[in-house]
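All remarks here apply to the structure that follows.
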Amino acid sequence: RKMKDGLKTGSNLRVSQESLSNKFSPQIVSAGKKFAVLWQDDDYKIKLAFIDENNVLSGSIIDAGTASKIVSPRIAWSGQYLGIVWADEKNYVKDVYLTLLDASGNIVSGPSAVGTAVGGASEPDVLWTGSKFYVSYTGATSQDIYLAKIASNGNVSEKDINISNTSAKSYFSRLEKASAGVIATAWLEDDGTTNKILGATESSE
């Protein structure tokens, strides 16, 4: 639905067309002149749709991830590619994967495993830094927050960098970039008594 001066005009646009399945974890990013909308179906698949500047569905809904059991999808735009991450449970162990798609939804790289942190990984987030994709995730065994760095072509340059490194349970990380180029990661930490918000920063390359 379009808005003018803070007021809605026109009718809502229904993005997902299937009527019999539930939808979860909607995400939206600006992708050039279009918006990319991502969500998870109740059959553990990732769907992707593009909406143009006139609030019209552009093309068909795309199967962006069709692995066995996908949860927690996240999306970022590099200016050229969409980086999509998710946790996928195979053989009862979750790992984090990333795939790159172009502005038309065609897969150009991946899926590639980016989080294999000691016994599995889950709860990913993804950020485009201006030169790389950063992916944060929770390690299943250590319950620490880890970071991976992926080149613009999808090649994983570093992974399983422990940035929380504590005996407490750390989980649910989120990434953001400041205008000065500093990358920040925030997460929840449970010390057995209370939940706290912790964070770390890093200057981008």
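The values are calculated or read from the model by the stated rules, or taken from the named source; none is laboratory data. Every value quoted in this text rests on a predicted model; they were computed, and no experiment measured them. Backbone-built Cβ (ideal geometry, glycine too); neighbour counts: all protein chains shown. Remember, those area values only see protein heavy atoms, side chains included, never the ligands or the DNA or RNA. Shrake-Rupley method; radii C 1.70, N 1.55, O 1.52, S 1.80 Å.
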Worksheet item: Among all residue pairs at least 6 apart or on different chains, which show Cβ distances below 8 Å where the first residue, located in the stretch 66-86, is charged (D, E, K, R) and at pLDDT 90 or above and the second is open to solvent by 30 Å² or more (accessible area, probe 1.4 Å) and in a strand (DSSP E or B)?
Response: Arg74/Gln27
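Per-residue answers, yes or no, for (1) in a strand (DSSP E or B); (2) within 20 Å of Lys177 (Cα to Cα); (3) open to solvent by less than 50 Å² (accessible area, probe 1.4 Å):
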{"residue": "Ala113", "(1), (2), (3)": "yes, no, yes"}
{"residue": "Glu123", "(1), (2), (3)": "yes, yes, no"}
{"residue": "Tyr134", "(1), (2), (3)": "yes, yes, yes"}
{"residue": "Tyr137", "(1), (2), (3)": "yes, yes, yes"}
Worksheet item: Of the residues Gly105, Gly65, Gly79, Gly83, which is open to solvent by 50 Å² or more (accessible area, probe 1.4 Å) and small (Gly, Ala, Ser)?
Response: Gly79
Discussion item. Can you pull out every residue in the stretch 116-129 that is modelled with pLDDT of 90 or more and more than 12 Å from Tyr97 (Cβ to Cβ)?
Written reply: Glu123, Asp125, Leu127, Trp128, Thr129
Worksheet item: For Ser164, are the conditions met, namely being free of Cβ contacts under 8 Å to residues at least 60 places away in the same chain, surrounded by fewer than 16 Cβ atoms within 10 Å (Cβ to Cβ) and not in a strand (DSSP E or B)?
Response: no
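Residue-wise test of (1) in a loop (DSSP other than H, G, I, E, B); (2) over 11 Å from the mean Cα position of the chain (by Cα); (3) within 26 Å of Tyr134 (Cβ to Cβ); (4) among the aliphatic types (A, V, I, L, M).
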position: Asp43; (1), (2), (3), (4): yes, yes, no, no
position: Lys47; (1), (2), (3), (4): no, yes, yes, no
position: Asn55; (1), (2), (3), (4): yes, yes, no, no
position: Gly59; (1), (2), (3), (4): no, yes, no, no
position: Ala87; (1), (2), (3), (4): no, no, yes, yes
